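Worksheet: the structure to be examined is printed underneath.
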Amino acid sequence: MAPGGERRAVAVLAAGIGSRMRSELPKVLHPVGGRPMLAWVLDAARAAGCDPILVVVGHGADRVRRELAAPDVTWVVQEKQLGTGHALAQVAPELGGSGSLIVLSGDVPLVRPATLAALAAAAATGWGAMAVAELAEPGSLGRVVRAADGSLARIVEASDAGDDELSICTVNAGLYCLPFPPIFERLTALERKNAQGELYLTDALGAAAADGDRIELVELADPGEAMGINTRVELGRVHRRLLDRKLLQLQLDGVTLLDPARVQIDPEVEIGPDSSLAPDVHLSGATRIGRRCTLRQGAWLRDAVLGDDVTIEPYTVVDGASIGPNCSVGPFARLRPGTVVEEGSKIGNYVEVKNSTLAPGVKAGHLAYLGDATVGAGANIGAGTVTCNYDGVGKHRTEIGPGAFIGSDTMLVAPVKVGAGATTGAGSTITQDVPSGALAVERSRQRNVEGWAERRQRRRKKEDE
Ligand code: UD1
Ligand code: CA
């Protein structure tokens with residue numbers, strides 16, 4: 001690496017339009033592996049331990065800066081996207097003195113910190129260094145022509161390459177370690193003499209090599225790391241790789257994935273050991289799952305917190321809710337934001353809970369809506385119960401005391417309180433508070449009309465005659 005006293009900086013090129021994505025969204029903001037593409041590259045830049053981190057933005061610059069705001073990033077705007085060489089030239093005014101500059105591409109998110117360390121080490125032995133990979137299908141990536149001594153001779157973009165050059169399988173990964181200010185001097189000499197009419201950073205390296213500046217080629221151990229994203233097809237492939245890294249780590253940490261090809265898990269998600277995930281489980285956001293949890297087919301969790309020994313039955317949605325240990329939820333249940341389900345509770349099929357707290361041991365087994373409710377320990381919520389929390393203007397709370405028994409098909413018109421140990425009769429519409437231990441029944445008395453069926457049949461026969 002650079003001798004003592006010299007600076008180590010990093011520049012990320014992220015201003016490009018990315019027109020082949022066919023998108024209104026700036027390319028580097030496209031989510032991959034659960035985060036914007038550029039977020040992965042910024043993490044790699046941070047891990048390289050360089051200061052400053054300069055990020056060149058242009059297309060959709062305001063949006064990129066807003067969505068990836070970070071105190072350790074210096075944004076540099078490239079007003080017109082005239083090519084990678086022009087992009088890198090924009091950071092020159094930000095860098096005084098001399099040192100080495102790691103250059104990363106905002107659309108190469110699989111880059112690993114170890115690669116940047118290897119680039120810095122290799123650059124220290126010559127003028128600069130760049131990462132290359134051997135790819136069976138080099139596609140649209142730049143082809144690397146080696147000099148007789150194994151260092152760089154030149155880089156040919158696929159769009160400028162002849163058949164001979166296209167058959168080269170050594171590609172430019174778009175990751176470099178270059179000396180500054182010398183690289184900036186090289187960039188000023190660039191010309192737009194190529195198929196894309198751009199100022200290519202790669203041409204500056206070829207010119208340096210031609211003048212005897214040795215550029216080391218650092219071969220990537222995992223060629224997949226070189227995968228850049230120019231199209232949605234490549235986005236899909238890189239997503240798969242980032243996801244596989246996450247899944248592998250979870251497996252090594254003691255999580256069973258019954259079919260790893262069929263789960264989606266965001267990078268921040270945490271899962272405790274001995275938990276098991278069935279196919280089609282989707283975990284996103286800041287979801288945290290305890291030990292020995294079972295997530296069955298189709299569980300969809302976002303920003304969910306699960307204690308130990310929780311079972312999520314098939315096709316259940318848990319969004320912004322927290323579930324205590326030893327609970328069981330679903331199948332076909334929906335827990336919405338602000339819901340807290342405490343230890344040992346049981347939420348069954350077709351139960352929706354929103355912004356409610358369920359104390360330990362509550363049972364809501366079937367077909368219910370609990371919204372803006374507080375439910376005491378051990379209460380039983382009958383099938384078809386609805387907390388009528390909205391009167392068309394505002395939302396109101398329902399309080400159900402511990403040990404209460406809410407009969408099937410009870411409408412609880414909020415604001416309303418049911419006391420501890422109270423019971424509501426099935427089919428009641430409760431509009432007034434129910435005292436502790438009381439029975440509230442609100443329905444008309446049943447009338448039985450004896451012999452009615454027989455009389456009806458006789459009547460019908462007569463009409464037919
Ligand atoms: C570039 C390399 C190619 C390499 C590939 C690796 C050049 C000329 N080619 O090709 O050899 O194999 O990356 O993925 O460098 N950018 C700007 N401003 C611009 C143009 C681009 O900031 O004016 C940024 C883009 O946002 C992108 C990166 O630079 O993050 C690479 O640009 P892109 O146009 O995707 O280059 P490739 O054709 O992929
Ligand atoms: Ca690219």
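Taking the stretch 203-223 and a reference point 7 angstrom along Cα→Cβ of ALA114, the backbone N atoms nearer than 19 Å belong to 217-223. In the calculated pair-distance distribution of the stretch 243-440, the portion above 21 angstrom amounts to 49 percent of the Cα-Cα pairs.
Along the positive direction of the dipole of the chain (beta-carbon charges: Lys, Arg +1; Asp, Glu -1; about the Cα centre), which of TYR350, GLY384, GLY16 reaches farthest? Highest projection toward the positive end goes to GLY384. Multiplying the residue separation of ASP244 and ASP308 by 0.36 nm and subtracting their alpha-carbon distance yields 20.5 nm. With both labels modelled 7 Å from their Cα along Cα-to-Cβ, the GLU24 to GLU268 distance reads 2.6 nm. Listed by chain and number, the lysines placed with their C-alpha closer than 24 angstrom to that of LYS417 are LYS346, LYS354, LYS363, LYS395; residues fewer than eight positions away on the same chain are left out. Placing dummy labels 7 Å off each Cα toward the beta-carbon, the span from LYS80 to SER167 is 4.0 nm. Its Cα centre serving as origin, the chain has a Cβ charge dipole (Lys and Arg +1, Asp and Glu -1) of approximately 2220 debye. Charged side chains reduced to their Cβ positions (Lys and Arg at +1, Asp and Glu at -1) give the stretch 243-440 a dipole of some 180 debye around its Cα centre. One Cα centroid belongs to the stretch 267-288, the other to the stretch 353-371; the line between them spans 23 Å. Once the Cβ-Cβ distance of ALA210 and ASP253 is raised to the sixth power relative to R0 = 41 Å, the FRET efficiency obtained is 0.25. Sorting the segments 382-395, 34-47 by their mean number of nearby beta carbons within 10 angstrom, highest to lowest, gives 34-47, 382-395. Summing Cβ point charges (Lys, Arg +1; Asp, Glu -1) relative to the Cα centre of the stretch 3-226 gives a dipole of roughly 580 debye. Inter-part distance, the stretch 131-192 to the stretch 289-346, computed on C-alpha centroids, equals 51 Å. Evaluate the relative contact order of the chain (contact order divided by residue number), counting alpha-carbon pairs under 8 angstrom at least 6 apart; express in whole percent. Normalised by residue count, the contact order of the chain is 8 percent.
Projecting the Cα atoms of SER167, VAL132, LEU152 onto the dipole axis of the stretch 3-226, where Lys and Arg carry +1 and Asp and Glu carry -1 at the beta carbon, places VAL132 farthest toward the positive end. Using the alpha carbons alone, the radius of gyration of the chain stands to its Kirkwood radius in an Rg to Rh ratio of 1.21.
Note on the chain: antiparallel DSSP beta bridges, both residues inside, total approximately 20 percent of the bridges counted.
Taking all Cα pairs closer than 8 Å and separated by 6 or more residues, the relative contact order of the stretch 3-226 comes to 24 percent. Toward the positive end of the charge dipole of the chain, with +1 on the Cβ of Lys and Arg and -1 on the Cβ of Asp and Glu, the farthest Cα among GLY49, PRO181, LEU439 is that of LEU439. If R0 equals 25 Å, the separation of the Cβ atoms of VAL393 and TYR350 corresponds to a calculated FRET efficiency of about 0.35. Using the Cβ-Cβ distance between LEU439 and ARG460 with R0 set to 41 Å, the FRET efficiency works out to roughly 0.50.
Read-outs: derived from the displayed coordinates by stated rules, not from any lab. This one's a predicted model, so the numbers in the text were calculated from it and none came from an experiment. Note that we place each Cβ from the backbone using ideal geometry, even for glycine, and neighbour counts take in every protein chain shown.
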